[in-house]
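Asker: What follows is a single structure, and I will ask about it in a moment.
The values are calculated or read from the model by the stated rules, or taken from the named source; none is laboratory data. As the structure is a prediction and not an experimental result, all values here were calculated from the model. Ideal geometry is used to build each Cβ from the backbone, glycine not excepted, and the neighbour counts take in all protein chains shown. When the accessible area is computed, the model is the full protein with side chains, heavy atoms only, and any ligands, DNA or RNA have been set aside. Shrake-Rupley method; radii C 1.70, N 1.55, O 1.52, S 1.80 Å.
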Amino acid sequence: IMSLFLFFICYITLATVTYGIAVPSGLFVPSLLAGAAFGRLVGNVIYLISPDKVAFTSTYSLIGAAAVLGGMARMTISLTVILLE
């Protein structure tokens, strides 16, 4: 869990710095990756708390990726739902 947390912190920090400087670069994939890492982290923590009443951690990973992508790109809810399908 600690390595996943460190990966998320490093990746979201670098994505934020990249977004702030005046360099043409993409943020679509880094936002998906950071959201997936955070979702998997939340899924693992929930699994540690209650292992019998939780969905797969990959489900949390997909939801986290869609949430961060929706927040970063200001996508509408319908495009985020398409990603989940």
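Asker: What about LEU6, is it at pLDDT 85 or above and either surrounded by 11 or more Cβ atoms within 10 Å (Cβ to Cβ) or more than 11 Å from the chain's Cα centre (by Cα) (or both)?
Answerer: yes
Asker: Can you find a residue in the range 51-58 that is at pLDDT below 85 and open to solvent by 70 Å² or more (accessible area, probe 1.4 Å)?
Answerer: Yes, the range 51-58 contains at least one residue that is at pLDDT below 85 and open to solvent by 70 Å² or more (accessible area, probe 1.4 Å).
Asker: State whether one or more residues within the range 36-58 are among the hydrophobic types (A, V, I, L, M, F, W, C) and touching a Lys or Arg at 6+ places or on another chain (Cβ under 8 Å).
Answerer: no
Asker: Just checking: which of the helices (runs of 4 or more DSSP H) contained wholly in the range 21-85 hold 2 or more residues that are closer than 28 Å to MET2 by Cβ and touching a residue at least 12 places away in the same chain (Cβ under 8 Å)?
Answerer: Qualifying helices (runs of 4 or more DSSP H): 28-49, 57-73.
Asker: Please determine whether any residue of the range 31-44 is at pLDDT 90 or above and over 11 Å from the mean Cα position of the chain (by Cα).
Answerer: yes
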